[in-house]
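Student: Take this structure first; my questions come after.
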Amino acid sequence: MANEHENGGEKQGEANGQGHGKPKTYIFFVNKERFETDQSSLSVAQIKARVAGVEPGDKLSLEGHGDEPDRLLGDEEVISLEKDHGPLRFTVVPSASFGA
């Protein structure tokens, strides 16, 4: 099957929902609120835009898995939502007012 190899094989078809009749759903959490998308990756800015009450200066922190530390993310970073260890979990980190 030449087309299968040219298109990345069966795994690519499974990842984008081909052959199952509907697109794959990717789940992630922000501050314990569940979100779903059919996109396998989103920018941090796109994720923040889905969350009510997030201010422009607020950041997102990505919860580390296992011994990995949490990581503060920039708006321009693109995050893959395809994870082996369950849905990704983010926390909104309000912008700080230093020297106030």
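The values are calculated or read from the model by the stated rules, or taken from the named source; none is laboratory data. Since this is a predicted model, take the numbers as computed values, not measurements. Quick reminder, even Gly has a Cβ in these numbers, built from the backbone with ideal geometry, and neighbours come from all protein chains shown.
Student: Those residues that are of a type in the set (S, T, N, Q) and either out of contact with any Leu (no Cβ under 8 Å at 6 or more places or on another chain) or over 16 Å from Tyr26 (Cβ atoms) (or both), I need them from the stretch 39-60; list them, please.
Tutor: Matches in the stretch 39-60: Ser43, Gln46.
Student: Quick one: Thr25 ticks every box in (1) at pLDDT 95 or above; (2) loosely packed, with under 12 Cβ neighbours inside 10 Å; (3) touching a strand residue (DSSP E or B) at 6+ places or on another chain (Cβ under 6 Å) bar one, so which box is it?
Tutor: It fails just one condition, (1).
Student: Here's another thing I want to ask about it. Can you name the residue in the stretch 57-88 that is over 14 Å from Leu42 (Cβ atoms) and in contact with a Lys or Arg (Cβ under 9 Å, 6 or more places away or on another chain) and is also surrounded by the most Cβ atoms within 10 Å (Cβ to Cβ) among such residues?
Tutor: Lys59
Student: Determine, yes or no, whether Lys59 is among the basic types (Lys, Arg), farther than 30 Å from Lys22 by Cα and free of Cβ contacts under 8 Å to residues at least 40 places away in the same chain.
Tutor: Yes, satisfied.
Student: Given the residues Glu36, Glu14, which is the only one that is at pLDDT 95 or above, charged (D, E, K, R) and farther than 23 Å from Ala96 by Cβ?
Tutor: Within the list Glu36, Glu14, the selection yields Glu36.
Student: If you go through the stretch 35-56, how many residues are free of Cβ contacts under 8 Å to residues at least 40 places away in the same chain, within 15 Å of Pro87 (Cβ to Cβ) and surrounded by fewer than 13 Cβ atoms within 10 Å (Cβ to Cβ)?
Tutor: 2
Student: Mind listing just one residue for me: the one in the stretch 71-88 that is in contact with a Ser or Thr (Cβ under 9 Å, 6 or more places away or on another chain) and not aliphatic (A, V, I, L, M) and, of those, nearest to Lys48 (Cα to Cα)?
Tutor: Applying the filter and picking the extreme gives Asp75.
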